[in-house]
Amino acid sequence: MATSALLYPLLVLSLPVAAQDAPLTPAARQAEARARDAETIQSLSQEGRLLLERDQVKLDGYAYCSMSVAAAERGEFRESIEAASRALLVAQQTDNTNLLALSKRDLAIAYGYAGDLDDAQRYANESLATGTKNAEQVLAPVHKVLGDIAARKGDPKTAISEYQTSLVSASARYRPLVLLSLTNAQIQAGDPAAARATFEQARDAQSSLLAPFYRRIQGNLLLAEGKPQDALAAFSASVTKSDEGDASYENLWAHEGMGRAYLAMGQRAEARAVWLQALDDSENIRARFRSDEFKTGLFADTQTVFEETIALVVEDGDYETAWTLSERSRGRALLDVVRNRLASDVNQQQLNGRVLSLSEVRATLRPDEAIVEFHSLPREMIVWVVRADGLKGFTLPIARQDMTLAVRDFRNAIINGRPQALSYGARLDTLLIEPLGLRPNERLIVVPNGELHYMPFQALRNGEGFLIQRHAIALVPSASVAVQLVRRRQRVSSELVAFGNPRIAPELDLPGAEAEVRGIAPLFTQHETFLETQVTRTAFSENAPTGRVVHVATHAQADTIDPLHSRILLAPSTQPADGPDFLLAEDIYNLKFDSVALVTLSACETALGRVERGDEILGFTRAFFYAGASTLIVSMWPVSDESTALTMDTFYTALTHGDEAIDAMRKAQLAVLANSKFSHPFYWAPFDLMGGWRLTVAQ
């Protein structure tokens, strides 16, 4: 089989200068500016000023630093950044260089934990430049953060150097943590002798809170030294039958290590058995976030074990078991992000969803429907095509890193309105779709994974045309969730509640959104619209749940640091407005949308959020599904007013005339594509239909 590295070079083409320098669309320019300014020191200082003004009780700057660290430890990354932003502003106002260095240290920690490694590195370096006189509180932890960043980027040499620098000024209490991280980096660098010498200096860790990680690194070191039998014994000794504390979490990694030891000894059956046990352990994990993973430089999560097990069973040709594991992984990933952060009355079982059997999924599909489910592994892509008459599995030679780069290039070419988007789409179609042997005109229910959540599948292309010209397409979080959504109401009355163009500030006016709402309202038998100053949080919370179709045409902002802080911008209750009011994704979990079937978020980038391995984008999508909606329409990039108006008018006309949602969306995208002004995918491909694809509106 061809090597997985072949994908990305196919997409890096020599392009004419004119194509490379094609002007950005206005919407794309605005999006780039937002992204560029979103997390800068200036914007964070401004945010800190607003937050301080709203605080009824003002705290000492160092207290805000303590709040920031505590929030990061809990996995509340946006809350951590907001606390550090307050400290940053206090430091600037008081000209306190030590507090300034600490606030930037805390920003580096928060961004690092959140996975935004570039911003973490930037703030770490700025902290070093400011805090050279505070060795223990600034220099040691910041060099440790820089080491963690390098390790996560696959640069163990730099990680080792940073950890060694951290040790110079580390306190006695902090030193074992740095030593364990250094040991791990030396193992990563392929230097077990140096790792052994460092590990021997970290003996104090085995009688501290770091003991589980000490034992885990011990097993990893024995494997690196070529002693799998000893490693197996070390990992096995970590297994506990206790039901207290983090026993399930520790057992997960003990069993994961045992699997690697068994593989090193050539015992595949035993490896498979203990990895399946590890996945059972994952079902019992209560902790949502493990900052110790980041502190020790191990950076593992439960998805690693799912990936190892999926790869092993696929090598054995057992695609059906691999499919079941992939389904389980998606629910686990969601819980790892949102659990313990939502209201206490949120139903954890409903949030996670039940993993259905393959026979249940197949029984739900019609003969002309296929679920196409992807799972990205480090060195390959696994794809399942599930139909009523069976399951087929495929292993595609596409490495995760190559896929990530390819999708980003494809999206950027589309968003920037560049012609090479067509050639990128053709190559991705050849690699991802052509091998699957899809049947003509069958409806595709696509389950993305990883970077594929950012993929506009409808814009893939071959000699017969774009994928949307060959197939109707819907996206779903998982096959199990898809079936559960399609079992909800499939036919609803013609009742619309729509919101458009909230009055916030002149620069945020959306006259096109207001026209959009006015245009679609008459298509419904009953309709209620809220415009400008009426589009408040209260109006939304009280009126949206009364509709069967809810249309929201406003600004929205995806929070890639903390998906539960993704937000829809609404008008404040008092005018003139001094800024927007927000409806956060976490607020949506508490709405009662049991009567709502379809929610359309006709706003910029509402589908975006943090991508977690194993689950869908965790922004607004799962929140609305949990609240009760069965079908969503969301946008993947900044949209054009004129083409969006045509999309929505065509979609709702078809839907209110009896078409199922998946066919109505296909008609809408084809109508825009047929207009010569909008033939580029930027205009016709931004919207995805997610969830209940068979939804209809009674005429």
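Can you tell me which of Val361, Val337 is at pLDDT below 95 and β-branched (Val, Ile, Thr)?
Val337
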Boolean, Arg411 is basic (Lys, Arg) and more than 19 Å from Ala311 (Cα to Cα)
yes
Give, as residue ranges, the helices (runs of 4 or more DSSP H) completely inside the stretch 615-699 that count at least 2 residues that are buried (at least 21 other Cβ atoms within 10 Å of the Cβ) and among the hydroxyl-bearing types (Ser, Thr, Tyr).
621-627, 641-656
Being free of Cβ contacts under 8 Å to residues at least 60 places away in the same chain, more than 30 Å from Ala370 (Cβ to Cβ) and under 30 Å from the mean Cα position of the chain (by Cα) narrows Ala513, Ala498, Ala521 down to just Ala498
Those residues of the stretch 470-529 which are assigned to a helix (DSSP H, G or I) and either closer than 30 Å to Gly450 by Cβ or assigned by TED's automatic domain parsing to the domain that holds Ala459 (or both) amount to Arg470, Ala479, Ser480, Val481, Ala482, Val483, Gln484, Leu485, Val486
Mind listing whichever residues of the stretch 492-511 are of a type outside the set (Asp, Glu) and surrounded by 18 or more Cβ atoms within 10 Å (Cβ to Cβ)?
Val492, Leu496, Val497, Ala498, Phe499, Gly500, Asn501, Pro502, Arg503, Ile504, Leu510
Looking only at the stretch 189-220, filter to residues that are in a loop (DSSP other than H, G, I, E, B) and within 36 Å of the chain's Cα centre (by Cα); which one of those is nearest to His255 (Cα to Cα)?
Leu210
Can you tell me which residue among Glu244, Glu256, Glu200, Glu225 is charged (D, E, K, R) and modelled with pLDDT under 95?
Glu244
Every residue from the stretch 570-586 that is in contact (Cβ under 8 Å) with a residue 40 or more places away in the chain and either in contact with a helix residue (DSSP H, G or I) (Cβ under 7 Å, 6 or more places away or on another chain) or crowded, with 20+ Cβ neighbours inside 10 Å (or both):
Leu570, Ala571, Pro580, Asp581, Leu583, Glu586
Taking Arg470 as the residue in question, decide whether it is basic (Lys, Arg), within 26 Å of the chain's Cα centre (by Cα) and surrounded by fewer than 24 Cβ atoms within 10 Å (Cβ to Cβ).
no
The lone condition Glu293 fails out of (1) touching a Lys or Arg at 6+ places or on another chain (Cβ under 8 Å); (2) modelled with pLDDT under 85 is (1)
The residue from Gly417, Gly465 that alone is at positive phi and without any contact (Cβ under 8 Å) to a residue 12 or more places away in the chain is Gly465
Pick from Val599, Val611: which is of a type outside the set (D, E, K, R), in contact with a helix residue (DSSP H, G or I) (Cβ under 7 Å, 6 or more places away or on another chain) and at pLDDT 90 or above?
Val599
If I ask for residues that are in a loop (DSSP other than H, G, I, E, B) and touching a Pro at 6+ places or on another chain (Cβ under 7 Å), which ones from the stretch 542-571 would you list?
Thr554
Among Glu293, Glu270, Glu308, the single one that is within 23 Å of the chain's Cα centre (by Cα), surrounded by fewer than 18 Cβ atoms within 10 Å (Cβ to Cβ), outside any loop (DSSP other than H, G, I, E, B) and outside the structural domain of Gly450 (by TED's automatic domain parsing) is Glu293
Determine if the stretch 305-320 includes at least one residue that is touching a residue at least 60 places away in the same chain (Cβ under 8 Å) and β-branched (Val, Ile, Thr).
yes
Mind telling me which of the residues Thr430, Thr404 ends up being among the hydroxyl-bearing types (Ser, Thr, Tyr), farther than 22 Å from Ala472 by Cβ and part of a helix (DSSP H, G or I)?
Thr404
Looking only at the stretch 540-555, and only at residues there that are touching a Ser or Thr at 6+ places or on another chain (Cβ under 6 Å) and surrounded by 24 or more Cβ atoms within 10 Å (Cβ to Cβ), the one that is modelled with the lowest pLDDT
Ala553
Per the filter on the stretch 652-699, residues in contact (Cβ under 8 Å) with a residue 60 or more places away in the chain and among the polar types (S, T, N, Q) are Thr653, Thr656, Gln669, Thr696, Gln699
Could you identify the single residue in Val168, Val138, Val178 that is part of a helix (DSSP H, G or I) and buried (at least 24 other Cβ atoms within 10 Å of the Cβ)?
Val178
Subset tally (residues that are buried (at least 20 other Cβ atoms within 10 Å of the Cβ) and in contact with an Asp or Glu (Cβ under 6 Å, 6 or more places away or on another chain)) for the stretch 404-423:
1
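The values are calculated or read from the model by the stated rules, or taken from the named source; none is laboratory data. All values derive from a computational prediction rather than experimental measurement. All Cβ positions, glycine included, derive from the backbone under ideal geometry; neighbour counts span all protein chains shown.
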